[in-house]
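Reviewing the structure listed below.
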Amino acid sequence: MALSIKQAKAASPPSSGAQLSGVGVALFLASIGTGAYFASAYQRPAAAVGGTLVGLYFLFAIRVAKQWQKAAVLRLGRYVGLRGPGLFMVIPIVDTVSHFVDQRIRVTDVKAESALTRDTVPVNVDAIVFWLVWNAEKSILEVADFDQAITMSAQTALRESIGRHDLAQMITERELLGKELQRILDEKTNPWGITVQSVEIRDVHIPQALEDAMSRQAQAERERQARIILGTAETEISGKFSEASTVYLNNPVALHLRAMNMLYEAIKERGSMVIVPSSAVETMGLGGMIGTSALAGQKQ
């Protein structure tokens, strides 16, 4: 089963703790300039050396974390605490600073290709995981690379969830599938100081051949429903005809009137010609009626 993972660009990658800060660089240059000025003004070269040393201290001792960042400080390899946001200082050479942890909500795009559902249908599923670091200390000290850990965990959970659901469930119950993935991931990542806020299933792709088969199945189902409706209508109509035949059987006058009405409806249009069996003419006395109508027409 091929799985491809792509990190979203919403969150910038963590910066290294060894990165110099703008404040430290500014103080470094100011210290060198001040030392050079005193060395030139008072003819004391030691002032330039002292200014350079002080500038180097500020350069490597001052760190600045942004409002949404925190960093862990290790002193001779031992954890001493979190620093940030804002300006903080460390002891050069003795202290080391971990990468800055972004505590904003991040987005990870997870894609499962050719994953089999419970009814053995290959599908391609796209999902988005929204997560954040709520405890920077745990995420730094207990997980080597929590970005990759989140990605791989989401990949595994998505694959397992696909295997537990039928294709129809995945198409119609995406919200329930997302909640199940969120619960599985949150249970796994909470000990790392990371919480998964939500998982959204963006799309479920099925093979083109299967999509065509499902389309034909839906069309056949619609045709079946149409035939059922037509058959039901025919049954109701035949029932009404059966009731009418019972009425006409016991009432010859009603049958005679109905036949005359049908004939009238047929000949009321000009230029129409109706062929009536002789038996019907004799039974309903249509001969006299038609003759009378013809004579009336000649008089007009």
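The values are calculated or read from the model by the stated rules, or taken from the named source; none is laboratory data. As the structure is a prediction and not an experimental result, all values here were calculated from the model. Glycine also receives a Cβ, built like all others from the backbone with ideal geometry; neighbour counts cover every protein chain displayed.
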**Q.** Any hit, the stretch 196-203, residues being touching an Asp or Glu at 6+ places or on another chain (Cβ under 6 Å), within 19 Å of THR108 (Cβ to Cβ) and β-branched (Val, Ile, Thr)
**A.** yes
Q) Among the residues of the stretch 103-119, which ones are over 19 Å from the mean Cα position of the chain (by Cα) and at pLDDT 90 or above? A) GLN103, ARG104
Q. ALA47 versus (1) surrounded by fewer than 17 Cβ atoms within 10 Å (Cβ to Cβ); (2) over 20 Å from LEU20 (Cβ atoms): which is the lone unmet condition?
A. (1)
Q: State whether one or more residues within the stretch 109-116 are without any contact (Cβ under 8 Å) to a residue 24 or more places away in the chain and either farther than 27 Å from TRP131 by Cα or among the β-branched types (Val, Ile, Thr) (or both).
A: no
Q) among the basic types (Lys, Arg) and either buried (at least 17 other Cβ atoms within 10 Å of the Cβ) or not assigned by TED's automatic domain parsing to the domain that holds ASP166 (or both): does that describe ARG118? A) no
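I'm trying to understand the selection: among the residues of the stretch 180-204, which are part of a strand (DSSP E or B) and of a type in the set (A, V, I, L, M, F, W, C)?
The initial filter retains those residues of the stretch 180-204 that are part of a strand (DSSP E or B), namely 194-204.
Across the stretch 180-204, the qualifying residues are ILE194, VAL196, VAL199, ILE201, VAL204.
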(Q) So, in the stretch 128-146, how many residues would count as being modelled with pLDDT of 90 or more and within 14 Å of THR108 (Cβ to Cβ)? (A) 6
(Q) For the list (1) out of contact with any Gly (no Cβ under 9 Å at 6 or more places or on another chain); (2) surrounded by 10 or more Cβ atoms within 10 Å (Cβ to Cβ); (3) farther than 30 Å from ALA168 by Cα, I need the number of the one condition that HIS256 fails. (A) (1)
**Q.** Residues that are surrounded by fewer than 19 Cβ atoms within 10 Å (Cβ to Cβ) and assigned to a loop (DSSP other than H, G, I, E, B), drawn from the stretch 135-155
**A.** VAL143, ALA144, ASP145
Q: For the stretch 156-179, indicate whether the set of residues that are in contact with a Phe, Trp or Tyr (Cβ under 7 Å, 6 or more places away or on another chain), part of a helix (DSSP H, G or I) and closer than 29 Å to PHE100 by Cα is non-empty.
A: no
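Quick grid of which residues meet (1) surrounded by 19 or more Cβ atoms within 10 Å (Cβ to Cβ); (2) without any contact (Cβ under 8 Å) to a residue 60 or more places away in the chain:
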position	(1), (2)
VAL64	no, yes
TYR79	no, no
LEU82	no, yes
ILE93	no, yes
SER98	yes, no
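So that you can scan it fast, the table gives a plain yes or no per residue for (1) among the hydroxyl-bearing types (Ser, Thr, Tyr); (2) surrounded by 14 or more Cβ atoms within 10 Å (Cβ to Cβ); (3) modelled with pLDDT under 85:
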{"site": "MET170", "(1), (2), (3)": "no, yes, yes"}
{"site": "LEU181", "(1), (2), (3)": "no, yes, no"}
{"site": "TRP192", "(1), (2), (3)": "no, yes, no"}
{"site": "VAL196", "(1), (2), (3)": "no, yes, no"}
{"site": "PRO207", "(1), (2), (3)": "no, no, yes"}
